Amino acid sequence: MPAVRKTRMAGLRMDKNEFLPCWPEKWFNDFIRQLKPEHLSVHPETGVLYDKLAGVLNISEKNIVITAGSDGAIRSAFEVFVRPGDGVVTISPTFAMYYIYAQIFGAKLVEVHFDGKLRLKSADILRSLNKKTRLVTIANPNSPTGTVIGEKDLLKITERASGLGAAVLIDEAYFPFYKNSMINFIDRFDNLIVTRTFSKAAGLAGMRVGFAASNKKVAKLLFSVKPMYEITTLSARLAEYTLDHYDRIFEYAAKTREGKEYLANFFINKGYGVFRGSANFLHVDFGKKRREIAKYLEKRNVLFKKDFKHPSLERFARFTVGPKESIAPFIEIFNKFNKRCKK
């Protein structure tokens, strides 16, 4: 018989910055009651979703392009603006797909690196821009660091890039864990693209729904390279349902910030260093106990990120956070490790 594939479903999922622990059952059941058999049979329609997105964002639907996750929006930006040999500037480490798309589209990738204290100077980004630059990608908050670049610096970068004929993509996948946004500036610049996803605070990682927002000219260019059906009917319906209850996203983000502070203080009280960041995860420096703790947690099916290769993160383990109650199982497991060590 073939081997049974491993699945993350049975684990304590603190590795991919998803909604913890999962969508509430009452939301799920409420949504299911609204489905009809034809939703599985007809081709996807996104008109209503465009209307609802425009409404909650307070922008025109002509400023929006719905995509298969924010990843789809990022790929579209590369497809529109990047040709072989063009320069793409990004911060490093960052979202893996920036590196992959730079390679796929034959770009020359210019990386601006974080230092050992997770600091990065926006002046270094500005200095990296030149006449060959065609795209700047900045995840804000950044993954995997959780760091942010302030609005004033982002405006300087966007203005400088505009003068060079380069587009700037600000990836806001972790909005509203970090509530500041560049979306109000999309009509001020001829080169600004803001991307977001329903995968994080909205809890729909399995549905692959995202969007890009930009001025109407750039949005039209991004729309021109989209696939015939960018998302599924089920994805569209779920996204519509989520927008009908838009306040839930902000409520979950607020509870997650509380949960992160709780978990950060828990680790600090145990004597470990913590870097909080501005997203729905935090980094923990376990010091000399790093391997022992990692082995202990892995045996108990706790999924988390470790073994970062970039020097800025190599000492850390990263844990996804959520509301305080979602962290309780992890706290219980970790407390047992401490009790074992005291024996």
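The values are calculated or read from the model by the stated rules, or taken from the named source; none is laboratory data. For clarity, every value in this text was computed on a predicted model and none was experimentally measured. Glycine also receives a Cβ, built like all others from the backbone with ideal geometry; neighbour counts cover every protein chain displayed.
Observations, loosely collected:
- Top-ranked residue of the range 107-127 - restricted to ones that are part of a loop (DSSP other than H, G, I, E, B) and surrounded by 16 or more Cβ atoms within 10 Å (Cβ to Cβ), ranked as farthest from the chain's Cα centre (by Cα): A107
- Of all residues in the range 81-96, those being surrounded by fewer than 18 Cβ atoms within 10 Å (Cβ to Cβ) and either closer than 30 Å to L243 by Cβ or of a type in the set (F, W, Y) (or both) number 1.
- Residues within the range 297-317 that are more than 19 Å from E332 (Cα to Cα) and not in a strand (DSSP E or B), tallied: 10
- Test for A294: is it part of a helix (DSSP H, G or I) and in the same structural domain as G69 (by TED's automatic domain parsing): no
- Annotation: L135 fulfils all but one of (1) farther than 16 Å from R83 by Cβ; (2) of a type in the set (A, V, I, L, M, F, W, C); (3) crowded, with 20+ Cβ neighbours inside 10 Å; the unmet one is (1).
- Which numbered condition A68 fails, given (1) touching a Ser or Thr at 6+ places or on another chain (Cβ under 9 Å); (2) loosely packed, with under 13 Cβ neighbours inside 10 Å: (2)
Residue-by-condition table, conditions (1) assigned by TED's automatic domain parsing to the domain that holds L118; (2) closer than 27 Å to P176 by Cβ; (3) β-branched (V, I, T):
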| position | (1), (2), (3) |
| --- | --- |
| I268 | no, yes, yes |
| F281 | no, yes, no |
| R300 | no, no, no |
| L303 | no, yes, no |
| F308 | no, yes, no |
| K336 | no, no, no |
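Here's the yes/no breakdown for (1) of a type in the set (A, V, I, L, M); (2) under 28 Å from M207 (Cα atoms):
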position	(1), (2)
S70	no, yes
I74	yes, yes
F78	no, yes
R83	no, no
D86	no, no
T90	no, yes
Y98	no, yes
G106	no, no
G116	no, no
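- Selection over the range 128-167 of residues that are assigned to a loop (DSSP other than H, G, I, E, B) and under 20 Å from the mean Cα position of the chain (by Cα) gives a count of 11.
- Filter result (closer than 21 Å to H283 by Cα and either of a type in the set (G, A, S) or modelled with pLDDT under 95 (or both)) within the range 151-178: A173
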